[in-house]
Amino acid sequence: MKYFQLLIEILTVYKNSRKTGRVECHNNDEFEYSMRLIKRFDLKYISYVKKSKDNKKIIYIYFSKNEKIVQKLYYYHHDPTASLVHDFRDLNEIIGKLYKYPTCCINIFINNQKEVIQDNDNAILLKTLHNSKSKIFNICMNRFSKYTPIFHLPHSFDCKKSIKIGKNNLRPQEIHGL
Ligand SMILES: [Zn+2]
């Protein structure tokens with residue numbers, strides 16, 4: 001179960017650490033848990049159900065205090081007309097900017113179209129490792145932890161902008177004593 005991850009992803013939007021977010025729910029319990037929080041925090045949201053490669057149901061929920069941002073996210077992620085108007089690079093650049101991901105990290109994403117389309121995060125993380133110079137990484141970058149305060153794939157494990165985002169995203173949890 002990844003309830004704590006869902007909690008911090010939703011709490012960071014509620015506490016204004018970031019403007020918008022997306023959670024990925026792999027079962028009804030995770031979906032109901034997320035929806036309870038989103039409704040309690042009075043966030044605007046749109047959900048979308050997708051079948052994964054192994055035919056399992058994944059429910060995405062996009063949320064923000066701003067309804068227009070939620071609608072834009074939904075449009076660029078799922079509306080077939082968006083992918084007719086924009087190519088892969090444009091589309092992912094727009095989406096990355098809506099989430100306020102650092103440009104350096106958006107670039108690793110759009111420069112690895114094949115891996116992104118295959119949904120192969122591990123292949124991208126290998127490139128992230130290749131781009132990393134340090135041997136000791138900031139705790140925000142620990143992808144083996146039960147939760148991570150960075151919700152995008154960093155271009156490098158040393159990425160200063162990502163570490164700053166991670167520290168900022170951790171703040172609401174500290175306030176709440178989690
Ligand atoms: Zn970066």
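Based on the Kirkwood radius over alpha-carbon pairs, what value in µm²/s does the Stokes-Einstein equation return for the translational diffusion coefficient of the range 1-86 at 20 °C and 1.002 mPa s?
Rounded, D is 161 µm²/s.
Would you kindly derive the ³J(HN,Hα) couplings of the range 32-46 from the backbone phi angles with the Karplus curve 6.51 cos²θ - 1.76 cosθ + 1.60 (θ = phi - 60°), listing them in order in whole Hz, with x for Gly and Pro?
Coupling constants for the range 32-46: 5, 4, 4, 5, 4, 5, 4, 6, 4, 8, 6, 8, 7, 7, 9 Hz.
If you scale each eigenvalue of the Cα gyration tensor by 5 and take the root, what three semi-axes come out for the chain, rounded to whole angstrom and sorted largest first?
Values: eigenvalues 108, 97, 51 Å².
Its equivalent ellipsoid spans semi-axes of 23, 22, 16 Å.
Just so you know, all these numbers are worked out from the coordinates, no wet-lab data involved. Values in this document were obtained by computation on a predicted structure and should not be read as measured data.
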